[in-house]
Structure formats: structure tokens, C-alpha cells
Amino acid sequence: MLRRTILCSYSALLGQATRVLLGSKGGTPKRKKNPLQLRRKTYGIHFKERYLKLEEWYYCPLCAEPKKQGEWCRREDCRQIKP
């Protein structure tokens, strides 16, 4: 009994470190995610607050829509004038 616990603890000390370093040993491959699932994380308010707040934007003087510099609005008269 004592011999088995010593062997188990010794193999656990040696084997545990190598198991972590080896990583996955095969099996079922991870399935490819749906593009909608990949895009979903960009829809939330946390992503928008963190990443999209940094870009400068302003309200269009004609249609009062928020827009970035160099973007044109959906309205035809805004696209022609390009405020």
C-alpha cells in the first residue's frame, strides 16, 4: 500500500507537468463556429463602449444622424452635399 502511494505521488509529480505541456491529445476536433456566433460579441454594449467610443463622430447638420468623418448619410441630399 505504501509503495503504491509513493509510486502514485511520484508519477503524479512527473506526469502532471508533462500532461499540461502536451495539450490536446486528439479526439473530436473543435467544431467551426457559425459566423453569426463570431460576430455576436461585437453587437453588445460592452464591446461598443470599449472599442467604438474612441472613434470621433459628429451629428450630420442636415439629417441629425451620428456619423464619422468621411462617411455619407443614407439620404440622397446628404450624399450630394456631403456635409
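Testing the spin-label approximation: label points 7 Å from Cα along Cα→Cβ at R74 and T42. State their distance in nm.
Once both label points are built, they end up 1.9 nm from each other.
Amide H of W72 versus every other amide H placed in the peptide plane: which residues, excluding those fewer than 5 positions away on the same chain, fall under 5 Å?
Placed amide hydrogens put nothing under 5 Å from W72.
Using the Karplus curve 6.51 cos²θ - 1.76 cosθ + 1.60 with θ = phi - 60°, work out ³J(HN,Hα) for each residue of the range 71-79 in order, rounded to whole Hz, and write x for Gly and Pro.
Values per residue, Gly and Pro as x: 8, 10, 6, 7, 6, 5, 5, 5, 5 Hz.
Calculate the spin-label point distance for K32 paired with K53, positioning each point 7 Å from the Cα along the beta-carbon direction, and give it in nanometres.
Here the answer is 3.7 nm between the modelled labels.
Quick note: the coordinates plus some simple rules give every number you see, no bench work behind them. Predicted model only: the values in this text are computed from it and were never measured. Cβ sites come from the backbone with ideal geometry, for glycine too, and all protein chains shown count toward neighbours.
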